[in-house]
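Report on one structure; see the data block that follows.
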Amino acid sequence: MMEAKEACGVFGVYAPGRSVAHLTFDGLYALQHRGQESAGMAVSDGDLITVMKDMGLVTTVFDERKLSGLRGHLAIGHTRYSTAGSSDWMNAQPVFRGVGRAGFGLAHNGNLTNTDALAEQANMLPGLVSSDSDLVAELLAQAFPPDLPERPRSEHAGDLERALMEVLPKVEGAFSFVLMDADRVIGVRDPNGFRPLCLGRLDATDEYEQGWVLASESPALDVIGATFIRELEPGEMVVIDGKEVRSERPFPEERLDPRLCIFEFVYFARPDTTLYGNEVHGARRRMGQLLATQRPVQADLVMGVPDSGVPAAEGYALGSGIPYGQGLVKNRYIGRTFIAPTQAERANGVRRKLNPLRENIAGKRVVVVDDSIVRGTTTRAMVKMLREAGATEIHLRISSPPFRWPCFYGIDTPDRSELLAAVKTPEEITEFLDVDSLEYLSLAHLVEAIDAPGAGFCDACLTGTYPVPVGVKVDITERPAVTAAAGSPTA
Ligand code: 5GP
Ligand code: SF4
Ligand code: MG
């Protein structure tokens, strides 16, 4: 059970007077890159919570007619992606539970690591829980006081918050939650802060009162005109039910250990997102600059693999002095190929997504910069395309270390047997991808590029060191034969 792994986008808004459904739509649209499988929102008008969710993109699930019917002063929203097997409506979010006065909704980005133990505590038989997010909702619902019809409205006020204070300390793994009941929006970041979550403010205008916003990434604040206030701290819970934001600490002090996912910087987050106080784009450019100092090469052109490889390619060109140019055009209307459910669809997706600019690359020695290699499927197809377009040499540069271990904290990764760097040596990878040379950014250079002194990261998929114990789905004690070749000796 619980195969679902979610690397999603979450959003919440408390904004009396404004159309929170439209604000949530815009916020989710800005977070579409974090999940393209399903989208949903829950809106409260203070009495009634309405949930609308479905499979598909934000623009598929919602239209003007639906949005204008969703009235209220607060809302939460979610975009989701998951593994192929669990790609169904049941797992679309927000999750809703009809307890207390009007029920509550929950949107989750991350993946829990102690789901089996929690399911047992909740007296749920294995197989009955459709996702770890559903399980948390169930635990919270069980922690609500019994539903007595005569309980006055005022007595319900703290139910969700109290349930969270009781349940959260038992939950382990990666979770950025945005929750709501009829009257409040609540944000929670796990004690390691694996996944991002930030707070923004909608300033009061002549027309509207001040409001508050929670979002996975800061561009979702920008798009609705909210001001970025700060990232939530690992282990922090914020409660928004009026003009002020209240901050609580549901977790014991000893569990606090900041471990923001290093792949948010490499690939996952938007380049215009602020993480650990820095804009991600700058970090990616510095990754490329530092990559250029590792294993220098003679070449005529530096190009990035659109879109995620482009900032690092700019940096590489800057660092190496080799001219930057475009070698591939990406269809603007296509999503992330990695997220396509089957291998056949993924491989096919590359052709649909990328097309070479023949005049730019024919007869040239090109440095191709990309952010990461996972299975190698798209990279291999892309290299073949560049060769067919006439590139004479292809030097592949990857702005992250070899991806060797599965993620258990919310990024959907394949089985170890499918992770290229887990099963092949660098020489074998070079041959498999048919490139003239290959170099990965070292971990030390990656951290240097992110430039957040003293900040803690999760780098388990690169090092095999998992900051929070994971289930025993893989033997994480067994090291791959290629360990010695990790990263680069130059950094
Ligand atoms: P591969 O060659 O391993 O099939 O795919 C590598 C490409 O997948 C890179 O261009 C990277 O930007 C993209 N990609 C898409 N989704 C993900 C993801 O969830 N994690 C990582 N690391 N890369 C991804
Ligand atoms: Fe991020 Fe890798 Fe850690 Fe997963 S294992 S949270 S992808 S750094
Ligand atoms: Mg890419």
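Taking strands (runs of 3 or more DSSP E) that fall entirely within segment 170-236, which contain at least 3 residues that are open to solvent by 10 Å² or more (accessible area, probe 1.4 Å) and aromatic (Phe, Trp, Tyr)? It would help to see each step written out before you state the result.
Details: elements: 173-180, 185-189, 198-202, 211-215, 227-231.
In segment 170-236, there are no strands (runs of 3 or more DSSP E) which contain 3 or more residues that are open to solvent by 10 Å² or more (accessible area, probe 1.4 Å) and aromatic (Phe, Trp, Tyr).
Is there any pair linking a residue in segment 259-284 that is within 16 Å of ligand 2 (Cβ to nearest atom) to one that is open to solvent by 50 Å² or more (accessible area, probe 1.4 Å), with Cβ under 8 Å and at least six apart or on different chains, and which?
Pairs that qualify, where the first residue is within 16 Å of ligand 2 (Cβ to nearest atom) and the partner is open to solvent by 50 Å² or more (accessible area, probe 1.4 Å), are LEU260/TYR276; ILE262/VAL447; THR273/GLU279; VAL280/ARG270; VAL280/PRO271; VAL280/ASP272; ALA283/ASP451; ARG284/PRO271.
Give the residue, chosen from THR115, THR79, THR60, that is under 19 Å from GLY12 (Cα atoms) and among the β-branched types (Val, Ile, Thr).
Of the residues listed, the single one that is under 19 Å from GLY12 (Cα atoms) and among the β-branched types (Val, Ile, Thr) is THR79.
Report yes if some residue within segment 438-450 is in a loop (DSSP other than H, G, I, E, B), in the same structural domain as SER320 (by TED's automatic domain parsing), at pLDDT 95 or above and within 23 Å of TYR276 (Cα to Cα); otherwise report no.
Scanning segment 438-450 turns up at least one residue that is in a loop (DSSP other than H, G, I, E, B), in the same structural domain as SER320 (by TED's automatic domain parsing), at pLDDT 95 or above and within 23 Å of TYR276 (Cα to Cα).
Please go through (1) over 20 Å from the mean Cα position of the chain (by Cα); (2) farther than 16 Å from PHE265 by Cβ; (3) among the hydrophobic types (A, V, I, L, M, F, W, C) for VAL470 and return the number of the only condition it doesn't satisfy.
The single condition VAL470 does not satisfy is (1).
Going by the conditions given, is TYR267 in contact with a helix residue (DSSP H, G or I) (Cβ under 7 Å, 6 or more places away or on another chain), among the aromatic types (Phe, Trp, Tyr), under 27 Å from GLY349 (Cβ atoms) and buried (at least 19 other Cβ atoms within 10 Å of the Cβ)?
Judged against the criteria, TYR267 is not a match.
Write out, first by first residue and then by second, each pair whose Cβ atoms fall under 6 Å of each other, whose residues are 6+ apart or on separate chains, and whose first residue, in segment 362-381, is in a loop (DSSP other than H, G, I, E, B) while the second is among the charged types (D, E, K, R).
That search, which allows pairs on different chains as well, returns LYS364/ASP300; ARG375/GLU418.
The values are calculated or read from the model by the stated rules, or taken from the named source; none is laboratory data. Note that the structure is a prediction, hence the values are computed from the model and not measured. Every residue, glycine as well, gets a Cβ built from its backbone with ideal geometry; the counts of neighbours run over all protein chains shown. The accessibility values were calculated without ligands, DNA or RNA, using every heavy atom of the protein model including side chains. Shrake-Rupley method; radii C 1.70, N 1.55, O 1.52, S 1.80 Å.
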